[in-house]
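Heads up: the structure comes next, in structure tokens.
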Amino acid sequence: MVATASSLVLSFILSALWFILVRGTLRFEPAVESLGLLAGIAGLVAERRANAAEQRDRALTAVRNELNVNNEILDALTRSADSVPRREIYRRLYSSAVDAALSSVVLLPKRDELLSAKLHEWRNTVETFNHQLAVAEILAFTGESEHVLMELHEALHSNDGPIKGIRDQLDAVMASLT
């Protein structure tokens, strides 16, 4: 960046000197070259901005797709609330697209500050919920009692259980992506 800026300044100084010292039609040659340089630099800046916007759009599309899959998983968990408690392996919520978006530089510092905070919170919620599911599975498969299985099922699907809060948070994150 310093080399580019220095080269531009030097180029403009030499062009100004040429314009002052040279007579005739050759006098305008540096002006034409300078305009060409400016057009090239403007094109590079525009291309980089377009590329950054495209990367951001791709990352947010991946996040939306992942959140839609998580929505389906939560729907399936909600539908299973009325089923008879049984020992099962639960589908986990995904967070890889969110992780990728947060670890890359596609989210803009000022523009996406609120979105970034919501995605961080969502990722932490997903990790916690997935760990809770793992503990519930361990308890369900190692416990001999059907009473424990019933308590786990009720804790997962109750009105104050984790699914309702996660669903509300998912809806808030999806709304902030629009």
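The values are calculated or read from the model by the stated rules, or taken from the named source; none is laboratory data. Worth saying up front: this structure is predicted, and the values here are computed from it rather than measured. FYI the Cβ positions are ideal-geometry reconstructions off the backbone, even for glycines, and counts take in every protein chain you see.
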Among the residues of the stretch 147-178, the number that are of a type in the set (Ser, Thr, Tyr) and either under 16 Å from His120 (Cα atoms) or in contact with a Gly (Cβ under 7 Å, 6 or more places away or on another chain) (or both) is 1
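Quick one: in the stretch 113-163, which of the residues that are small (Gly, Ala, Ser) and at pLDDT 90 or above is nearest to Ser83 (Cα to Cα)? Don't jump to the end; show me each part of the working.
As a first pass, look at the stretch 113-163 and keep what is small (Gly, Ala, Ser): 116-117, 134, 136, 140, 143, 145, 155, 158, 161.
Those left that are additionally at pLDDT 90 or above: 116-117, 134.
Values: Ser116: 37, Ala117: 36, Ala134: 20 Å.
Across the stretch 113-163, the extreme among qualifying residues is Ala134.
Yes or no: Leu114 loosely packed, with under 13 Cβ neighbours inside 10 Å, in contact with a helix residue (DSSP H, G or I) (Cβ under 9 Å, 6 or more places away or on another chain) and closer than 25 Å to Arg58 by Cα? Quick ask: steps written out before the conclusion?
Details: loosely packed, with under 13 Cβ neighbours inside 10 Å: yes; in contact with a helix residue (DSSP H, G or I) (Cβ under 9 Å, 6 or more places away or on another chain): yes; closer than 25 Å to Arg58 by Cα: yes.
Against the criterion (loosely packed, with under 13 Cβ neighbours inside 10 Å, in contact with a helix residue (DSSP H, G or I) (Cβ under 9 Å, 6 or more places away or on another chain) and closer than 25 Å to Arg58 by Cα), Leu114 qualifies.
Does the stretch 19-28 include one or more residues that are free of Cβ contacts under 8 Å to residues at least 40 places away in the same chain, in contact with a helix residue (DSSP H, G or I) (Cβ under 7 Å, 6 or more places away or on another chain) and assigned to a helix (DSSP H, G or I)?
Here is the first cut: in the stretch 19-28, the residues free of Cβ contacts under 8 Å to residues at least 40 places away in the same chain are 19-28.
Restricting the remaining residues to those that are in contact with a helix residue (DSSP H, G or I) (Cβ under 7 Å, 6 or more places away or on another chain) gives 19, 27.
Of the ones still in play, those that are also assigned to a helix (DSSP H, G or I) are 19, 27.
Yes.
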Residue pairs meeting the criteria (Cβ under 6 Å; at least 6 apart or on separate chains; first in contact (Cβ under 8 Å) with a residue 24 or more places away in the chain, in the stretch 113-128; second polar (S, T, N, Q)): Leu115/Ser176; Lys118/Ser176; Arg123/Ser95; Thr125/Gln169; Val126/Ser95
Run Val84 past the list (1) within 11 Å of the chain's Cα centre (by Cα); (2) free of Cβ contacts under 8 Å to residues at least 24 places away in the same chain and report the number of the one that doesn't hold. (1)
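Name the residue, out of Val32, Val63, that is of a type in the set (Val, Ile, Thr) and over 17 Å from the mean Cα position of the chain (by Cα). So that I can check it myself, show each step before the final result.
Values: Val63 fails: over 17 Å from the mean Cα position of the chain (by Cα).
Answer to the selection: Val32.
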Of the residues that make up the stretch 38-48, is at least one under 17 Å from the mean Cα position of the chain (by Cα) and without any contact (Cβ under 8 Å) to a residue 40 or more places away in the chain? no
From the list Leu38, Leu67, Leu14, which one is at pLDDT 85 or above and part of a helix (DSSP H, G or I)? Leu67
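The rows are residues; the columns are (1) charged (D, E, K, R); (2) surrounded by 10 or more Cβ atoms within 10 Å (Cβ to Cβ); (3) over 30 Å from Thr128 (Cα atoms).
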position	(1), (2), (3)
Ser7	no, yes, yes
Ala16	no, yes, yes
Thr25	no, no, yes
Glu54	yes, yes, yes
Arg64	yes, yes, no
Asp75	yes, yes, no
Working only within the stretch 74-120, note down all residues that are outside any loop (DSSP other than H, G, I, E, B), within 23 Å of Asn159 (Cα to Cα) and among the β-branched types (Val, Ile, Thr). Thr78
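Restricting attention to the stretch 142-178, report how many residues are part of a helix (DSSP H, G or I) and closer than 20 Å to Leu93 by Cα.
Narrowing the stretch 142-178 to residues part of a helix (DSSP H, G or I): 142, 146-157, 162-176.
From what is left, the residues that are closer than 20 Å to Leu93 by Cα are 152-157, 162-176.
Residues in the stretch 142-178 being part of a helix (DSSP H, G or I) and closer than 20 Å to Leu93 by Cα: 21 in total.
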